[in-house]
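Here's the structure we're looking at; comments come further down.
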Amino acid sequence: MALRDFWGKWTGKGQAEPSEQSGVPQPPVELPPSPPEPVQPPPPPETPPPAPEPIRDPIPTEAPPLDLPPMEVPPPLQLQQGQAQPGFFGRLKAGLARSTAKLTDAIGSVFTRRKLDDAALEELEEMLIGADLGVSAAGRIVEGFRRTRFGREVTDAEVKAALAEEIAAILTPVAQPLAITRDYAPHVVLVVGVNGTGKTTTIAKLAEQYRAQGLKVWMVAGDTFRAAAVEQLQIWGERTGAHVVVPAKPGADAAGLAFDGLRDARLAGVDVLLVDTAGRLHNKTALMEELRKVVRVLKRDDAAIPHSTLLVLDATTGQNAVSQVRVFKEMVEVTGLVVTKLDGSAKGGVVVALAQEFGLPVHAVGVGEKAADLRPFEARDFARSLVGLDD
Ligand SMILES: Nc1nc2c(ncn2[C@@H]2O[C@H](COP(=O)(O)OP(=O)(O)OP(=O)(O)O)[C@@H](O)[C@H]2O)c(=O)[nH]1
Ligand SMILES: [Mg+2]
């Protein structure tokens, strides 16, 4: 039964109960016999079987230094009534304005009643690459133009409309809502990404929206090393009313916390468990390894967990987002993308590059800091906004 049309449908299956723990056999202890009999050496101890990976690492007394930026507590969440937000398209357009300007200025100067010949197509390709659409998508779009319009005289308005169509064709297959499955009880969503992309804010927005749909939502403050990060999620928890699973102590093992959170969430009948993680640079091996451990430990409960792994990308980083996807895809099984900060991005074209290169679902886009500023990704709206068309 679908509770909301754009955040997905319910399907599902049951779960197994968690099971853990193992003991390490102790070698037998033999007392030496009393003199004058000869002293017998104790038999060699049996080699204990290799211990399984512990669920959690010991809590360090001092958190190791991480080169993460200080956390800013976000401004209060101002919720829109209901799900509709008429300003969303406008904000997306405004946010993409600088990307759009790059494209439309160039189109205007090149294509005012001009024949679409090889030179014009080459200029078009350069413009698209300059607007962050990536070499592959730019090539594909220009080939589309060559096939259908080569040799024709075109106006800039025609070029824009055709461009929007070509871009929408690339984006449509990836515009897929995040399908939450109530029967998983809980559906576990792991949220990953580099520092500051908007992971925690996205979790809070999702929590708010799912709660508004009548779901029981918990959040796990998996960024355990920074007290400020835990606090940030607790503040969101107070605002959204979603329970937050927090570490007993700063520096507690993130995998252990996620495991405990899952166990408790299942007992509490939670529908959606949103697991936050520390922002990590892809070249920091230890942090990446920690992320893999979170996944491994969750999978001990059920191999299907996490049911969704969202990679959050900041659109303002442009082509860097492409290399982030590449690296995270190797580390964990990324099931979908969320692209944030499209309200202030000069680089919204990168979404087209991501769609063309990876074909991963783009579940949602962020155009601001409020819960209602996270919306499902709409291919046609986005394409038309990007080229500066009205609707
Ligand atoms: N304008 C705008 N700001 C956003 C958006 N999403 C997140 N932010 C802001 O970006 C900043 C970083 O967001 P966080 O959610 O803390 O990012 P994070 O990925 O959890 O960061 P780390 O935990 O440090 O890795 C905050 O100031 C957010 O309010 C968005 O869609 N638009
Ligand atoms: Mg965070």
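Values quoted throughout were computed directly from the atomic coordinates according to the rules given, and no laboratory measurement underlies them. On a predicted model such as this, the values are computed, not experimentally measured, just so you know. Here Cβ is always computed from backbone atoms with ideal geometry, including for glycine, and neighbour counts include all displayed protein chains.
Quick notes on this one:
- Charge sum, other residues only, whose C-beta stays under 9 Å from Asp132's C-beta, Lys/Arg counted +1 and Asp/Glu -1: +2
- By other beta-carbon atoms within 10 Å, ranking Met331, Met219, Met288, Met127 with the fewest at the front produces Met331, Met288, Met127, Met219.
- Restraint check, Lys284/Lys341; Lys216/Lys347; Lys205/Lys293; Lys93/Lys293; Lys293/Lys347; Lys216/Lys329, Cα-Cα greater than 31 Å: Lys216/Lys347; Lys93/Lys293; Lys293/Lys347
- Residues Glu125, Glu330 arranged by fewest to most Cβ contacts within 10 Å: Glu330, Glu125
- Computed over Cα pairs, the Kirkwood radius of the stretch 326-391 leads via Stokes-Einstein (0.890 mPa s, 25 °C) to a diffusion coefficient of 192 µm² per second.
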